[in-house]
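Everything below concerns the one structure shown next.
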Amino acid sequence: MIVSVRYFAGAAAAAGVPEEKVEVPSGTTVSALCEHLAGRHPRLAPVLEVASVLVDEVSARDRDAVVPDGAAVDVLPPFAGG
């Protein structure tokens, strides 16, 4: 299946791209998708450990949840400021 991934702020810098489409097997979980992305972009691995992940604009707090085919996934690192 194909998933669209958008990276924001430090995640985009670590990935080296602001967005990409990735192919993963059907039934891929959020956790497995993060592992796949870390394999593609090694500098992204530590960011993914602390990042918020949204699947179709909903926070994916359950990293064992399955990512649906065609999902839009956003990777948001922690933000600071006020």
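The values are calculated or read from the model by the stated rules, or taken from the named source; none is laboratory data. Remember, it's a predicted structure, so these values are computed and weren't measured experimentally. Keep in mind that these areas ignore ligands, DNA and RNA; they rest on the heavy atoms of the full protein, side chains included. Shrake-Rupley method; radii C 1.70, N 1.55, O 1.52, S 1.80 Å.
Could you give the Stokes-Einstein D for the chain in µm² per second, using the C-alpha Kirkwood radius, 37 °C, 0.692 mPa s?
The estimated diffusion coefficient comes to 264 µm²/s.
What's the carbon and sulfur percent of the chain's accessible surface, probe 1.4 angstrom, rounded to a whole number?
Result for the chain: 55 percent of the exposed heavy-atom area is carbon or sulfur.
Considering all projection directions equally, how large on average is the shadow of the alpha-carbon convex hull of the range 23-63, in square nanometres?
Mean projected area for the range 23-63: 3.0 nm², to one decimal.
Measure out, as a whole number of angstrom, how far apart the alpha-carbon centroids of the range 53-82 and the range 1-40 sit.
Their Cα centres are 10 Å away from one another.
Give the angle, between 0 and 90 degrees and rounded to the nearest 10, that separates the Cα long axis of helix 30-40 from the longest principal axis of the Cα atoms of the chain.
Taking Cα atoms only, the helix is inclined about 70 degrees.
Rolling a 1.4 angstrom probe over the protein heavy atoms, how many square angstrom per residue are accessible across the chain?
58 Å²
Sum -39500 (n - 2.57) across every DSSP H segment of at least 4 residues in the chain, then divide by the residue count to get the 222 nm mean residue ellipticity, nearest 500.
-7500 deg cm²/dmol
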